[in-house]
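See below for the structure under consideration.
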Amino acid sequence: MTGTWGIWKPLALRSPVLIFTILLCWALIAILQVFLVKSQRDGGVLFAARINALPLHQQFLYLYFPTVLAVLFSIYWAWIDLETKRMEPYYQLSKKDGALAKDSLLLAYPFDFIPLVPIKAAKQR
């Protein structure tokens with residue numbers, strides 16, 4: 001598939017996937033906001049004298065399901081993040097005037113500590 005760079009794009013960087021990701025993020029924000037309002041209004045989201053008093057499906061839903069969702073979302077987000085970092089050197093090379101090796105082929109973003117990548121990228125700009 002040809003993209004804006006005139007080259008093939010991995011699935012993670014195609015418009016439908018990125019639009020879905022944006023919508024998913026906004027949906028998660030909205031859901032968290034609803035839970036916050038409900039929690040503040042009612043003094044909590046769920047009440048039980050003991051956790052064992054809840055049915056098993058509710059225990060799973062309130063204790064483990066948020067963690068499962070967070071792990072799945074982080075795997076999905078890591079897929080997009082890694083593909084972006086992997087394609088960056090080739091994007092730099094595809095510019096009209098090309099790019100120096102230090103700005104393209106020698107970039108090692110996939111191996112950097114994730115929170116420091118934007119800082120490193122800004123310094124190299």
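Please give the number of the condition ARG50 fails out of (1) loosely packed, with under 10 Cβ neighbours inside 10 Å; (2) in contact with a helix residue (DSSP H, G or I) (Cβ under 8 Å, 6 or more places away or on another chain).
With respect to (1) loosely packed, with under 10 Cβ neighbours inside 10 Å; (2) in contact with a helix residue (DSSP H, G or I) (Cβ under 8 Å, 6 or more places away or on another chain), ARG50 is out only on (2).
Being exposed (fewer than 11 other Cβ atoms within 10 Å of the Cβ), of a type in the set (Val, Ile, Thr) and at pLDDT 80 or above narrows it down to one of THR67, THR21, so name that one. Write out each step before concluding.
On the way: THR21 fails: exposed (fewer than 11 other Cβ atoms within 10 Å of the Cβ).
The match here is THR67.
SER104: at pLDDT 80 or above, among the hydroxyl-bearing types (Ser, Thr, Tyr) and surrounded by 11 or more Cβ atoms within 10 Å (Cβ to Cβ), yes or no? Please lay out each step first, then the result.
Numbers: at pLDDT 80 or above: no; among the hydroxyl-bearing types (Ser, Thr, Tyr): yes; surrounded by 11 or more Cβ atoms within 10 Å (Cβ to Cβ): yes.
So SER104 does not fit the description; no.
Which residue pairs have Cβ atoms closer than 8 Å, lie 6 or more positions apart in sequence or on different chains, and pair a first residue in region 15-38 that is on the phi < 0 side of the Ramachandran plot with a second residue that is assigned to a helix (DSSP H, G or I)?
What qualifies is VAL17/LEU11; VAL17/ILE80; LEU18/ILE80; THR21/TYR76; THR21/TRP77; THR21/ILE80; LEU24/PHE73; LEU28/PHE73.
The values are calculated or read from the model by the stated rules, or taken from the named source; none is laboratory data. Every value quoted in this text rests on a predicted model; they were computed, and no experiment measured them. Glycine also receives a Cβ, built like all others from the backbone with ideal geometry; neighbour counts cover every protein chain displayed.
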